[in-house]
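All of the numbers you see were taken from the coordinates with simple rules; none came from a lab. Computed from a predicted model, the values in this text were never measured in an experiment. FYI the Cβ positions are ideal-geometry reconstructions off the backbone, even for glycines, and counts take in every protein chain you see.
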Ligand code: ADP
């Protein structure tokens, strides 16, 4: 704007008053030249006439030029006013922006800082300008460069990065940084626009909310705790009184033992409570999920009963899970209490079911209620932090968010499963520990086959008859060979499905018998179970039965041999 005005002024360099003498002189000079060229004398009349016309033309020109200059001055004043007001507006806008605006040039130097910088960094904005942007952040230049790199990676703009700034004379302050790449700072220079927002208050508030949530749940548990402690306490006091008064129907030892048991129950309740209150890092230990669920339900039993809510447990036997029992207890408490709140506050429904189970490699714990359910329009939001439909002071909206985080930390998940019509259902999914899966795979015994044709060859009468008895009791057809040769004859007579063969027989060793059988019927390889009382003989044998053997061992080995054969 300023450049345009000065350019126009250059077109009219002289004052309009100059025209008063410039124009008449030029007119006279021109007239005299013309007359001299034509050989005519320059008369006084000519000079006066020419001068008069010149003066007239000159003063008209001067008047016009004066008018033009005046209008230009006016325009200049108007434009300057407009420029100032738009600059004021922009400055006010930046000043009232809820955050600190900083512009950094391509060399990492601050070239602009909004006034709010004083409040955040405790430094005058003028002082900051010209200094390295790295000085702002607690992580120094590296941190600033990381922010710039992120901006570049994400197409020129990032929002809400977490960082820390270093205010003068104060500890690090957490901030949220939004940044944008500026492509033209004049003369083709690039730079970065940073907007910093102090989030220390917000973080503090959130922490207070989390603490508040814990306290709220804790407070609600107090009735349950009092109930849980009062019962065993009654027992402890009662038994100790009985012991003191020597009015014992049982022995003193028995009575004191009972008092001790009740005291242990109290200690357990207190431990559970402390585990809930203390913030600890997750400590995963092998945990019986059914026992844990039972514990939580027992804990809430009293409250549920007071609210006329029936609680049903449907448990499936489960191997141990690797979880932090205190954290998982917190999740279960929250889910059951949410179900209770929903039923109590709506007046709809009257029962909660907690079910444990397993599908393949995943443990499942379901908490289902017949209350009002979660309306579909908020189903996506219930896991958000601070989302609550409970009246203020009753809900913080953190329970499900924290619970989901706990499950995710365990490699599992927490899902909302039921819709609006049939109450709400939440399911916890937890991985079955890898060691457990390996152990299960190893221990897997194939289903036992029935109706096999089995040949038992052993020179020990007692052993062969015992085997026959066990195998026949499972519905197999058994033939007996009392030594190696007899066994081979029976084998040739009718090839069996399976052979139990003693390794040490006087006439023919078991290994020789096996070789002959396989030579005659190669398909028998892998269907001959070798037997010996000498465990060293087991070495290298795929199918081996050590003597003495239990009926289960005999039948499992028969099943394995048949499985090996089938596969
Ligand atoms: P809070 O209990 O403090 O509200 P939560 O994160 O535990 O926080 O729950 C969030 C919201 O999810 C609740 O306010 C409620 O609207 C909904 N909700 C949770 N459980 C149930 C349930 N069993 N039935 C109906 N709504 C539920």
Notebook entry, point to check: For region 310-466, what is the Kirkwood hydrodynamic radius in Å, using each pair of distinct C-alpha atoms?
Noted result: 18.5
Checklist line | Length released on extending from residue 525 to residue 81, taking residue separation times 0.36 nm less the Cα-Cα span | finding: 149.3 nm
Next item on the list: Can you tell me how much longer the chain between residue 486 and residue 563 gets when fully stretched, taken as 0.36 nm per residue apart minus their C-alpha distance, in nm with one decimal?
Entry: 25.0 nm
Next item on the list: Answer rounded, prolate or oblate for region 411-517, using the Cα gyration tensor with square roots of eigenvalues a ≥ b ≥ c: rounded when a/c is under 1.5, else prolate when a/b is larger than b/c, else oblate.
Entry: prolate
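In nm, what is the difference between 0.36 nm times the number of residues separating residue 378 and residue 201 and their Cα-Cα distance?
Details: separation 177, 0.36 × 177 = 63.72 nm, distance 2.84 nm.
Between residue 378 and residue 201, full extension yields 60.9 nm more.
Order of 324-337, 292-305 by packing, highest average Cβ count within 10 Å first? Write down the numbers at each step before the final one.
Numbers: 324-337: 22.3, 292-305: 18.3.
The peptides rank, most packed first, as 324-337, 292-305.
Students often check this: by mean Cβ neighbours within 10 Å, which of 509-516, 183-190 ranks highest, and how do the rest follow? Don't skip to the answer; put the middle values down first.
Numbers: 509-516: 17.0, 183-190: 10.0.
Output ranking for 509-516, 183-190: 509-516, 183-190.
Compute the FRET efficiency between residue 74 and residue 190 as 1/(1 + (r/R0)^6), taking r as their Cβ-Cβ distance and R0 = 51 Å, and round to the nearest 0.05.
The value I calculate is 0.80.
Against the 2.2 N^0.38 Å scaling, with N counting residues, where does region 321-374 land? I'd like the Cα-based Rg ratio to two decimal places. Mind showing how you got there, number by number?
Numbers: Rg = 12.9 Å, N = 54, 2.2 N^0.38 = 10.0 Å.
For region 321-374, the normalised Cα radius of gyration comes out at 1.29.
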Check: Assuming R0 = 45 Å, what is the FRET efficiency of residue 350 and residue 176, from their Cβ-Cβ distance, to the nearest 0.05?
Finding: 0.45
Next item on the list: Calculate the spin-label point distance for residue 494 paired with residue 237, positioning each point 7 Å from the Cα along the beta-carbon direction, and give it in nanometres.
Entry: 8.0
Checklist line | Computed label-point distance, nm, for sites residue 312 and residue 358 using a 7 Å Cα→Cβ extension | finding: 2.4
Next item on the list: Could you order peptides 74-87, 229-242 by the average number of other Cβ atoms within 10 Å of their residues, highest first?
Entry: 229-242, 74-87
Notebook entry, point to check: What shape does region 459-503 take by its C-alpha gyration tensor, where a ≥ b ≥ c are the square roots of the eigenvalues and a/c under 1.5 counts as rounded, a/b above b/c as prolate, and the rest as oblate?
Noted result: oblate
Checklist line | region 441-506 - percent relative contact order, Cα under 8 Å, separation 6 or more | finding: 42
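Most exposed first by the Cβ proxy, i.e. fewest other Cβ within 10 Å, how do 359, 270, 309 rank? Write down the numbers at each step before the final one.
Numbers: 359 9, 270 13, 309 21.
The most exposed by this proxy come first: 359, 270, 309.
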Check: Distance in nm between label sites at residue 453 and residue 245, each 7 Å beyond Cα in the beta-carbon direction?
Finding: 8.1
